[in-house]
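Data block below; observations after.
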């Protein structure tokens, strides 16, 4: 926790925590963290995608476990989102003492997960798995600086981004383990320190609209109205009811815009967002279909026009069942409850999972708060994650 | 109808109809309409409030009937709102031929009803009944020109506004009759040309808010949310259901603003408008109370904060029962159905009614359209109004 707070001093904005892709404070973060790594006998370097990578040599360099998360932040962030996972990787190496596992342990601090600087997230982990494209290198930030230029300006070789691929070390990847704060209220509500992630939820985003007729609020009797907002409101109530009825599903209408938007005019147009997430794609897609059908049905009953446009259809990413079971067992053997849960937010693990066995451990977020200066962790929960991680390494050793 | 179209050419905006308080095109409207009045043997003048007033002398100058409406328009208006009522007054005088009633007939074109230029409506009719105050004379338009200055610039004496009072003519006021387009869809839906107005509805306007917690749409399970929009939506559905259940009541949520308003964030705050209208104040106030109670109740169930702030509480204005009955009888004797209805919008009649017997006749609005260039009337409906008006004058004569 002290290390996370030490890293939080490196910020682009005085008095707040903001650290974007390869910004000057990122260099300070790399320096300090690299120093901790060398004190732990790790060889560290920044790769062509700006990821800080430190390796502890094990007894057999042909196998490697990767532990990591990201070092960048959102604007006005807390001190733990991402960073805690990288710091915990180092703490885990420290906890090994003189013991060396039969595999290398790499701790990676990904350069970019939040997508703040260029509007595209996961630059670091995409380069790590080889899904970062030459076209994406030309994406520019608000100052017109491209990803390529930013890498160059940092003193790195943009053509070296290919060398960031995990396969370049020559070792067989045993898997990827990510520690991360939950960023939600579930573990706190259950009074549990840790959560073993089963999957990262798939996500549907839609834009829907109900169109009726704008009319005078005084002269148009109720029976002669085509009120778009009343229709949208009935649908929103249905969205909430449906989401409650499907276990572990979340559905959100976060945006609603009403036109013309005057108190004395019956609304002619209501436009809403729909965000649906679930660990099983079939459940998610079936729910979305039912919600859109309900919108159409309500609109027809009310003489409104209903339209729906898909903005995102991102499949769920399951964690590796065997790897997750090893992690779950480690949590139990370390003396904690193994609570299995779904991640509703995206993480680097989502990018890495298609390429190697991946597991993820959540730490309780006090107040469910994240992406906010009040973001916190409990010291006891960090200890629980550390004990579970150390047990995980020994369990993994046994499995080989 | 041709005269209304002729007046529509006098506009501040080329290609559209916009004529605000004492603007240059209003001078043209006064000139043309004054010319029609003199052709009808009427003495006409513009009073200190900018009202055009023409008098046809009857057989007894100690009694007077006033027929009128307003000559100003909203921006990008139609050709009939207000204007038709003034033109119909003149047409009625014309229809008398050589017959003179036993009372003077005054036709008034009020200078200002819409409130466009100064943000305060009814300048003309308020001056006519003496409820225009010296303070209100200092209200300024967007160019910083006050009502007083505008009157002076037009060549009138702002201190003469007191002389606009109806009592200055010395005659006893028999009453005020206003013809106006319905501006709503009711008469068209009933396939009727005319409506006799019982009352101008009272109006309540409120601002309400539901406050919950903004949370991550992915990481916050349905059961741990305090979704302000879901609460507001349930309330809006209830507002509509309640309004349907109370005969002749209209209730509208025309504005709804959601914060933070991002698709992936559970809304923390939802602010809505409420507009409730009914001819009986007790019904209106009871309904508002029930709707606010329902909002509070819903909010409590959902763990939200509910707040409500009153913006307007305008009592209903009933038409004079005797005068209205004379008008209703005239409509029937002229051969039309006497349909009684409530005006959901405000009119000059609302300002005049507390001071003298007032009646109002609505003409069907095709498509229910008003405040729009597509605003229209049917020629047959105008003829029906004219016949009914002529019969009204003879019925009134008999009553005296």
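Is it the case that residue B:284 is farther than 16 Å from residue B:236 by Cβ and out of contact with any strand residue (DSSP E or B) (no Cβ under 9 Å at 6 or more places or on another chain)?
no
As an exercise: evaluate residue A:217 against (1) surrounded by 24 or more Cβ atoms within 10 Å (Cβ to Cβ); (2) at the interface with chain B (Cβ under 7 Å from one of its Cβ atoms); (3) in contact with a helix residue (DSSP H, G or I) (Cβ under 6 Å, 6 or more places away or on another chain) and give the number of the one condition it does not meet.
The single condition residue A:217 does not satisfy is (3).
Restricting the search to region B:101-111, which residues are in contact with a helix residue (DSSP H, G or I) (Cβ under 6 Å, 6 or more places away or on another chain) and within 16 Å of residue B:165 (Cβ to Cβ)?
B:110, B:111
Taking the condition more than 34 Å from the chain's Cα centre (by Cα), within 8 Å of chain B (Cβ to nearest Cβ) and in a loop (DSSP other than H, G, I, E, B), does residue A:263 pass?
So residue A:263 passes the test.
Those residues that are more than 7 Å from chain A (Cβ to nearest Cβ) and in contact with a strand residue (DSSP E or B) (Cβ under 7 Å, 6 or more places away or on another chain), I need them from region B:236-253; list them, please.
Scanning region B:236-253 gives B:239, B:242, B:248, B:249, B:251.
Considering (1) under 27 Å from residue B:177 (Cβ atoms); (2) at pLDDT below 95; (3) surrounded by 14 or more Cβ atoms within 10 Å (Cβ to Cβ), say which one residue B:373 fails and leave the rest.
Exception for residue B:373: condition (1).
For region A:196-205, which residues satisfy the criterion of being within 9 Å of chain B (Cβ to nearest Cβ) and part of a strand (DSSP E or B)?
A:203, A:205
How about region B:256-294: which of its residues are closer than 20 Å to residue A:231 by Cβ and modelled with pLDDT under 95?
B:261, B:263
State which residue pairs qualify: first residue away from chain A (no Cβ under 14 Å) and inside region B:332-355, second residue assigned to a loop (DSSP other than H, G, I, E, B) in any location, beta carbons under 6 Å apart, and separation of 6 or more residues or different chains.
B:332/B:338; B:337/B:192; B:348/B:113; B:351/B:122
Could you please find all residues in region B:181-195 being more than 7 Å from every other protein chain (Cβ to nearest Cβ), in contact (Cβ under 8 Å) with a residue 60 or more places away in the chain and part of a loop (DSSP other than H, G, I, E, B)?
Keep residues of region B:181-195 that are more than 7 Å from every other protein chain (Cβ to nearest Cβ), which gives B:181, B:187-188, B:190-195.
With the extra rule that they be in contact (Cβ under 8 Å) with a residue 60 or more places away in the chain, the set shrinks to B:181, B:187-188, B:190, B:192-195.
Residues satisfying the conditions are B:192, B:193.
Could you list, in sequence order, the residues of region B:167-180 that are surrounded by 18 or more Cβ atoms within 10 Å (Cβ to Cβ) and farther than 30 Å from residue B:381 by Cα? Give the steps one after another, and end with the answer.
Step one: filter region B:167-180 for residues surrounded by 18 or more Cβ atoms within 10 Å (Cβ to Cβ), giving B:171, B:173-180.
Across region B:167-180, the qualifying residue is only B:171.
Condition check: more than 21 Å from residue B:347 (Cβ to Cβ) and free of Cβ contacts under 8 Å to residues at least 40 places away in the same chain. Does residue B:32 satisfy that? Steps first, answer last, please.
Values: more than 21 Å from residue B:347 (Cβ to Cβ): yes; free of Cβ contacts under 8 Å to residues at least 40 places away in the same chain: yes.
Judged against the criteria, residue B:32 is a match.
Which one is farthest from the chain's Cα centre (by Cα), of the residues in region A:287-320 that are without any contact (Cβ under 8 Å) to a residue 24 or more places away in the chain and surrounded by 13 or more Cβ atoms within 10 Å (Cβ to Cβ)?
Only one residue tops the list, namely A:297.
Taking residue B:224 and the conditions (1) out of contact with any strand residue (DSSP E or B) (no Cβ under 6 Å at 6 or more places or on another chain); (2) more than 8 Å from chain A (Cβ to nearest Cβ), which numbered condition does it fall short on, given that it satisfies the others?
(2)
Kindly state which strands (runs of 3 or more DSSP E) lie completely within region B:41-148 and contain at least 2 residues that are closer than 16 Å to residue B:177 by Cβ.
B:52-56, B:63-70, B:104-110
Rundown of residues vs (1) over 26 Å from residue A:379 (Cβ atoms); (2) out of contact with any strand residue (DSSP E or B) (no Cβ under 8 Å at 6 or more places or on another chain), yes/no style:
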position	(1), (2)
A:1	no, yes
A:35	no, yes
A:42	no, no
A:47	yes, no
A:56	no, no
A:65	no, no
A:71	no, no
A:91	no, yes
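Residue A:31 is checked against (1) touching a strand residue (DSSP E or B) at 6+ places or on another chain (Cβ under 9 Å); (2) assigned to a helix (DSSP H, G or I) and fails just one. What number does that condition carry?
(1)
Of all residues in region B:266-281, count the ones that are outside any strand (DSSP E or B) and surrounded by fewer than 24 Cβ atoms within 10 Å (Cβ to Cβ).
4
So how many residues does region B:149-162 have that are assigned to a helix (DSSP H, G or I) and either exposed (fewer than 13 other Cβ atoms within 10 Å of the Cβ) or modelled with pLDDT of 95 or more (or both)?
Number of matching residues: 5.
Examine region B:352-363 for a residue that is on the phi > 0 side of the Ramachandran plot and surrounded by 17 or more Cβ atoms within 10 Å (Cβ to Cβ), and state whether such a residue exists.
Scanning region B:352-363 turns up no residue that is on the phi > 0 side of the Ramachandran plot and surrounded by 17 or more Cβ atoms within 10 Å (Cβ to Cβ).
Filtering region A:90-113 down to residues that are free of Cβ contacts under 8 Å to residues at least 60 places away in the same chain and surrounded by fewer than 20 Cβ atoms within 10 Å (Cβ to Cβ), which residue is nearest to residue A:20 (Cα to Cα)?
In this case the residue turns out to be A:94.
For region A:1-26, which positions are in a helix (DSSP H, G or I) and in contact with a helix residue (DSSP H, G or I) (Cβ under 6 Å, 6 or more places away or on another chain)?
Scanning region A:1-26 gives A:3, A:4, A:7.
The values are calculated or read from the model by the stated rules, or taken from the named source; none is laboratory data. Bear in mind that the values here come from a model prediction, so they are computed numbers and not experimental data. Every residue, glycine as well, gets a Cβ built from its backbone with ideal geometry; the counts of neighbours run over all protein chains shown.
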